[in-house]
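What follows is one structure encoded as structure tokens, with my remarks underneath.
Bear in mind these aren't lab numbers, they're just calculated from the coordinates by the rules spelled out. Remember, predicted model here, so these are calculated numbers, not experimental data. Backbone-built Cβ (ideal geometry, glycine too); neighbour counts: all protein chains shown.
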Amino acid sequence: MALSGTKTESSGLREFINSPKGKGLTTVAAIIMVLGAGYMVWRQLGPTETELLARDRNFIDAKTMKPFVHELKIGDVIPVDAPSGGKTGYPAELCYWTKDGKQKDQPTAVLLKACLGETGPTFCPDCGRLVVAHNPRPGTASKPPPLESEYKSRGTGNSSRDERR
């Protein structure tokens, strides 16, 4: 079977791919495709954003009062190993408020008194506002929690949950 004497578009492409520049370009394209496929497989098999949020938690070192992130593992016991070298790492509650009652983007890590076995309410060292367990991130229309002075002026010493009963 003889090839036809006319030149087609595919023969021009075939000549380019067989040239040194074409071989280099083809090799680069193949490497990019293999890397892209590997990245897609890694994204599918790796941890999801939700898993990372559940696994990597904010802790605070009770010795230095500095926050750190700790990856939770099966068998971890609170307190966890802290950067200061001791087992002084406790879960941190995050405070998203300023002293003047405005919300802030970068939260302050707060160690609750209850984690240390102490009684009484905990107030943020940065803004002086009440911080509770499972402290919620504020919404757009949220009111700020009370300042320590406002809380104590109520004269009850109880948490707001107890006051509603």
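General remarks:
- No other residue among GLY86, GLY128 is closer than 22 Å to LYS152 by Cα and of a type outside the set (Asp, Glu) apart from GLY128.
- Residue pairs meeting the criteria (Cβ under 8 Å; at least 6 apart or on separate chains; first among the aliphatic types (A, V, I, L, M), in segment 11-38; second assigned to a helix (DSSP H, G or I)): ILE17/LYS23; ILE17/THR26
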